[in-house]
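Each remark here refers to the structure printed beneath this line.
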Amino acid sequence: MNRVLRTATVGALLLSPVLLTSCSAGQIAQTATQDRDIRGGQADLGDIHLRTATTAYPTNGLYEAGDDARLLVAIANSGPTADVLTDISGDGFESVEIVDPEADPEATEPTTELTIPAGGNVYVGDGGPAVTLVGLTEELTPGTALQVTMTFENAGEVTLPVLVGTPALDLPRGEGFDFHGEE
């Protein structure tokens, strides 16, 4: 009896780490459904999927009130029909300018819409259409966000955070701050 009890105890001690470490693994884990937005805001609206919504990195490290910011976002349409981005609005800027290289060059009015093809992607600000948020209403630095509402003809309306971009390259550091002051 003593031997059986000892064998059962050793077996339980050997198997308990394996059982305990597998508790949070799998599709029920907390992190299985979390979406990270460290690269930019994202949203899903039916067949429309918005990813990595940011502004371009400001040239001098911050946007002053009144500056313009270039919007960068990937828009995917997983649906069987094209959809049209009809409006971009928000409280942090006065208006929006859209330049679409595929728009009719002989059109007298600038475009205010972007077509997202069925089963396709549009990369705003990355070789595709350019969208500028005109007249920022407050100072913005990297890491802060604007709440931007995008309206689509078929999918509807969605509001997402548009993060102020970070530099693509490592920037030289300035002088360190002396927390102790003169002693």
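The values are calculated or read from the model by the stated rules, or taken from the named source; none is laboratory data. Everything numeric in this text was worked out from a predicted model, so none of it was measured. FYI the Cβ positions are ideal-geometry reconstructions off the backbone, even for glycines, and counts take in every protein chain you see. Ligands, DNA and RNA are excluded from the accessible area calculation, which covers all protein heavy atoms including side chains. Shrake-Rupley method; radii C 1.70, N 1.55, O 1.52, S 1.80 Å.
Set the Förster distance to 25 Å, then compute FRET efficiency between F179 and L62 from the Cβ-Cβ distance, nearest 0.05. Taking R0 as 25 Å, the efficiency between F179 and L62 is 0.65.
Remark: the T9-V84 segment gains 20.4 nm on full extension, using 0.36 nm per residue and subtracting the alpha carbon distance. Near E139: Cβ cut-off under 14 Å, other residues only, Lys/Arg at +1 and Asp/Glu at -1. The net charge is -4. Computed from backbone phi, the HN-Hα couplings of the stretch 158-168 come to 9, 10, 9, x, 10, 6, 6, x, 9, x, 6 Hz, rounded to whole numbers (Karplus: 6.51 cos²θ - 1.76 cosθ + 1.60, θ = phi - 60°; Gly and Pro given as x).
Under 17 Å from a label point set 7 Å out along the Cα-to-Cβ vector of N154, the amide N atoms of the stretch 118-148 belong to 118-122. If the segment from Q147 to V99 were pulled out straight at 0.36 nm per residue, it would be longer than the present Cα-Cα gap by 15.1 nm. The Cα atoms of the stretch 40-104 define a convex hull whose projected area, averaged across directions, is 5.9 nm².
Here the accessible area of the stretch 46-183 is 48 percent carbon and sulfur, with a 1.4 angstrom probe and all protein chains present. DSSP bridge analysis restricted to the stretch 48-183 gives an antiparallel fraction near 95%, rounded to the nearest 5.
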